[in-house]
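Written out below as structure tokens is the structure these notes cover.
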Amino acid sequence: PKYDFKSKPLPEKIIVTEGFLRLVGYYLAEGYVRTDRCKGTLGFVFGEKETQLVNDVILLIKKIFSLNVNNKRIVRNAINIEFYSARLARFFADFFGKGAANKKLPHSFILLPIEKQKSLIYGLWRGDGCINNKGAKYVTISKQLAYHLRILLLRQKIIFSFLTVEEKGIHKQNYCIYVKEES
């Protein structure tokens with residue numbers, strides 16, 4: 001921050017609201033950061049049909065951090081939105097991890113009241129989850145995030161299956177959480 005003359009200051013305190021928790025869930029599922037010494041970007045990539053989620057992120061960033069979207073573009077079948085703020089990028093990287101395999105929740109978020117955690121789970125599931133008539137599925141390559149989500153679901157008294165799936169290619173393992181529809 002000493003050499004960051006461009007980034008708008010962040011609020012001194014961030015109230016942990018449902019909106020903020022939903023934003024964190026979106027970041028953990030669909031977000032990324034680029035951090036350099038004096039510049040940084042917080043970005044999100046959603047499917048081209050997920051305009052509702054894109055608009056939700058834009059409104060939440062505006063409401064919580066008073067920042068506007070700097071770049072919004074469609075690349076192939078995805079919508080990429082970016083917010084240019086080194087301070088915001090470092091905040092998300094420090095608290096929630098940088099890179100898909102390193103995403104995590106701070107311990108204090110695991111201890112939040114279960115009512116508040118619902119918004120976090122909602123954001124996560126809307127980003128990387130899938131819900132159909134058989135139940136729900138969440139997949140991540142972050143082992144730490146998978147185990148954190150397990151704790152959140154247990155606190156909600158949600159019964160689930162947890163699998164580690166060996167994959168070929170870039171990611172050697174995916175962590176899958178299944179919630180079956182009750183019979």
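Compare I159, I58 by solvent-accessible area with a 1.4 Å probe and give them largest first, with all protein chains kept in place.
I159, I58
Looking at this model, which pairs from K116/K143; K104/K180; K157/K180; K104/K143; K13/K39; K103/K143 are more than 20 angstrom apart at the alpha-carbon?
Numbers: K116/K143 23 Å; K104/K180 25 Å; K157/K180 13 Å; K104/K143 9 Å; K13/K39 22 Å; K103/K143 9 Å.
Those over the limit are K116/K143; K104/K180; K13/K39.
In order along region 119-127, the Karplus-derived 3J(HN,Hα) couplings, from 6.51 cos²θ - 1.76 cosθ + 1.60 at θ = phi - 60°, round to 5, 5, 4, 4, x, 4, 5, 5, x Hz, and Gly and Pro are given as x. For R90, the accessible surface of its heavy atoms amounts to roughly 50 Å² (probe 1.4 Å, protein chains only, rounded to the nearest 10). With just the Cα atoms defining each centre, how far is region 79-95 from region 137-163? Give it in Å. Measuring centre to centre over Cα atoms gives 25 Å. In the assembled protein chains, Y178 presents an accessible area of approximately 60 Å² (probe radius 1.4 Å). The residues D36, D56, D128, sorted by heavy-atom accessible surface at 1.4 Å with ligands and nucleic acids left out, run D36, D128, D56 from largest to smallest. Proximity of backbone amide H atoms, modeled 1.01 Å from N, is registered between G40 and S85, A86 at under 5 Å, excluding neighbours fewer than 5 places apart on the same chain.
The helix-based estimate of mean residue ellipticity at 222 nm for the chain, built from -39,500 (n - 2.57) per DSSP H run of four or more residues and divided by its residue count, is -12000 deg cm²/dmol to the nearest 500.
Sites listed here are trypsin sites (Lys or Arg not before Pro) in region 33-68 whose DSSP assignment is loop and whose Cβ has at most 12 other Cβ atoms within 10 Å: R37, K49.
Counting only protein chain heavy atoms and rolling a 1.4 Å probe, the accessible areas of K180, K157 rank, largest first, as K157, K180. How many percent of the accessible area of the chain is carbon or sulfur, using a 1.4 Å probe? Summing carbon and sulfur atoms, their accessible area is 55 percent of the total for the chain.
With a 1.4 Å probe and every protein chain left in place, work out the accessible area per residue of region 11-104 in Å², rounded to a whole number. If you can, show how the numbers build up before the last one.
Working: 4850 Å² over 94 residues.
Computed with neighbouring chains in place, this is 52 Å² per residue.
The figure for K116 is an accessible area of roughly 80 square angstrom, using a 1.4 Å probe on the protein chains alone. Using θ = phi - 60° in the Karplus curve 6.51 cos²θ - 1.76 cosθ + 1.60, the 3J(HN,Hα) couplings for region 8-21 round to 6, x, 8, x, 4, 10, 10, 6, 7, 9, 4, x, 4, 5 Hz; x is entered for Gly and Pro. Taking amide H as placed 1.01 Å from N in the peptide plane, I79 has its amide H under 5 Å from the amide H of F46, G47, E48, each at least 5 places away in sequence or on another chain. Ranking Q144, N133, F91 by how far each Cα lies toward the positive end of the dipole of region 76-183 (charges on Cβ) leaves F91 at the top.
The values are calculated or read from the model by the stated rules, or taken from the named source; none is laboratory data. Fair warning: this is a prediction, and the values are worked out from it, not measured in the lab. We place every Cβ from the backbone using ideal geometry, glycine too, and count neighbours over all the protein chains shown. Just so you know, the surface numbers come from the protein's heavy atoms only, side chains and all, with ligands and any DNA or RNA stripped out. Shrake-Rupley method; radii C 1.70, N 1.55, O 1.52, S 1.80 Å.
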